[in-house]
1. Among the residues of the stretch 171-205, what is the count of those that are under 16 Å from LEU157 (Cβ atoms) and assigned to a helix (DSSP H, G or I)?
2. I'd like to check something: does the stretch 199-213 contain any residue that is without any contact (Cβ under 8 Å) to a residue 24 or more places away in the chain and under 24 Å from VAL34 (Cα atoms)?
3. Please name all residue pairs, on different chains or six or more residues apart, with Cβ atoms under 7 Å, provided the first residue is in the stretch 26-48 and is within 20 Å of ILE174 (Cβ to Cβ) and the second residue is among the small types (Gly, Ala, Ser).
4. Which residue, of LEU199, LEU240, LEU156, LEU230, is of a type in the set (A, V, I, L, M, F, W, C) and either buried (at least 20 other Cβ atoms within 10 Å of the Cβ) or over 19 Å from LYS17 (Cβ atoms) (or both)?
5. So which of PHE132, PHE127, PHE112, PHE93 ends up being at pLDDT 95 or above and among the aromatic types (Phe, Trp, Tyr)?
6. Can you tell me which residue among TYR238, TYR198, TYR226, TYR188 is at positive phi and outside the structural domain of LEU42 (by TED's automatic domain parsing)?
7. Taking the stretch 142-175 on its own, how many of its residues are modelled with pLDDT under 90 and more than 23 Å from PHE210 (Cβ to Cβ)?
8. Which residue pairs have Cβ atoms under 7 Å apart, sit 6 or more places apart or on different chains, and have a first residue in the stretch 241-252 that is at positive phi and a second that is surrounded by 14 or more Cβ atoms within 10 Å (Cβ to Cβ)?
Amino acid sequence: MFRKVLLFRNLIDNIPKNVGLYSVGVILLFLFHVRIGLLQLLLGLVSFLVSYSSTYILNDIYDAEVDKKDDRKVLRKPLAQGAIKRNEAMKIFWGFLTLGLLLSIPLNPFFFCTVSSLVLINFIYSFPLARFRNQSKEGLHVEGLKQTILGPFLILLMQVLKIFLPWTISSEMIEFPVLFAVGFSLLYVIIFRGYKEYLTIGQSFKQAPFSFGIAVTLLILSANLYPEPLVQSLIFIYILVGVLFFRNSHLTDRRVLILSPIYILLGIFFIFYLMTNLLV
């Protein structure tokens, strides 16, 4: 069964992204001098990754027939390939969901509710509201909220909650920098929508100048309203440098898959260096 879990490349490929978003929340905790035990943060991360990974498996179950028609997706979808049966995928889905939620309970009710909300919102986002035959090409077309105007809003909400998640372990949730989280998440939404349309990262931002402008405005406002404006500004600059560096690449390019985790880790170490050496 473990070998079959590893076949879900979309699950494995999304782990670094989710670790990164959770880490943004952790960095903000340290930045705002909110103290939380390391074991609590690690348990929170594990329970989040396990429970939320179930949503990727369920999404594959919903879209299996449609994915068979997409030459790019079928390479990453074991159900579409026929490498895993539907009933096996359902067992993996329930195993991840149950284990992840059980691990989240010991932390506190707020954490459990936030993880549950994340999973529920992703289910709502992915659930097919209608299935019909595509008139332009043969095959089944799935229509859900992800194809509606609510799709980008739900994606934005999920990313903000991922950043907020480690804050629910603390008693200082009211200090959570919402503007920074929304601005950062909006940048993610721009890249995600470009990925869905097979655009490069640079093309994604060129097609969304209004959203990019709002994200920049929110990040600037955050630096002026919340503590440590210098570090917040450096984080923003670091993000822009990353966008420029990867601007001619797609998210699925080998260059991005190899270098982006390194880039994220370097950024985390750099920010912690700033907080421990320059802000004391």
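1. Total satisfying the criteria: 15.
2. Within the stretch 199-213, not a single residue is without any contact (Cβ under 8 Å) to a residue 24 or more places away in the chain and under 24 Å from VAL34 (Cα atoms).
3. LEU29/SER170; VAL34/SER170; ILE36/SER170
4. LEU230
5. PHE112 is the lone residue from the list that is at pLDDT 95 or above and among the aromatic types (Phe, Trp, Tyr).
6. TYR198
7. Result for the stretch 142-175: 9.
8. Listed by first residue and then by second, the contacts come to nothing, as the list is empty.
The values are calculated or read from the model by the stated rules, or taken from the named source; none is laboratory data. Since the structure is predicted, the reported quantities are computational estimates derived from the model, not experimental observations. Quick reminder, even Gly has a Cβ in these numbers, built from the backbone with ideal geometry, and neighbours come from all protein chains shown.
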